[in-house]
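Participant: Please read through the structure below; I'll follow up with questions.
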Amino acid sequence: AALLSGVPAGHPATQAAALDQMLELLEQEHPRLSTAISRIAEGDVALSELREDTDRLAQQLDECEAEGRAQARRVRGVEEEWRECRQELADADLGLEEAAALRRECDMKHRQQTEWERTQLRMLRLAEDLQRQRVR
């Protein structure tokens, strides 16, 4: 009964009529079990290799994530620098617009001054003529 309790249910040895028959069936399975055990042992080697691969891949993943975080930081830095450059360009554009307006105003004042200088001589002559007419 103790031997029968160690045999899986549904196994052909559980159907044996006598102990000798059951032992003979179990002994016939011995070579197949040995092969299965050796495959499992080989599988353990493969399993340890898989564990090593898993550890290596986990380390690579950590490195890739760290690199990704570093790149994200660099991207944020570049984006901030880009925003600052855009602001500087906007400020420069405003400065250029103001410079253009000042240049137009300066040109207008220059034309006015030129006209005033040109007419100043005529005004002086006219004032002298008027003064002479008064004196007479």
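Participant: If I take all pairs of Cα atoms in the stretch 82-136, what percentage of them are more than 13 Å from each other?
Facilitator: Values: 1084 of 1485 pairs.
Percent of Cα pairs beyond 13 Å in the stretch 82-136: 73.
Participant: Here is a further query. Using a Förster distance of 30 Å, how high is the FRET efficiency between residue 29 and residue 55, based on the Cβ-Cβ distance and rounded to 0.05? Don't jump to the answer; show the numbers that get you there.
Facilitator: Details: r = 37 Å, r/R0 = 1.24.
The pair residue 29/residue 55 has a calculated efficiency of 0.20.
Participant: While we're looking at this one, here's another question. Report the full-extension gain for the segment residue 91 to residue 128: residue separation times 0.36 nm, less the Cα-Cα distance, to one decimal in nm.
Facilitator: On the way: separation 37, 0.36 × 37 = 13.32 nm, distance 5.37 nm.
Fully extending the segment from residue 91 to residue 128 adds 7.9 nm.
Participant: Within 15 Å, Cβ to Cβ, of residue 128, how many net charges do the neighbouring residues add up to if Lys/Arg are +1 and Asp/Glu are -1?
Facilitator: Values: positive: 122, 125, 132, 134, 136; negative: 129.
Its environment carries a net charge of +4.
Participant: Follow-up. Any idea how far apart residue 21 and residue 71 come out in nm if each label point goes 7 Å out from Cα toward Cβ?
Facilitator: Roughly 7.0 nm, to one decimal.
Participant: In terms of modelled amide H atoms, which long-range or inter-chain residues lie less than 5 Å from the amide H of residue 16?
Facilitator: Counting only residues 5 or more places away or on other chains, the set is empty.
We did not get these values from a lab; they are worked out from the coordinates using the rules stated. Just so it is clear, the structure is predicted and the values come from calculations on it, not from any experiment. Every residue, glycine among them, receives a Cβ derived from its backbone with ideal geometry; neighbour counts consider all protein chains shown.
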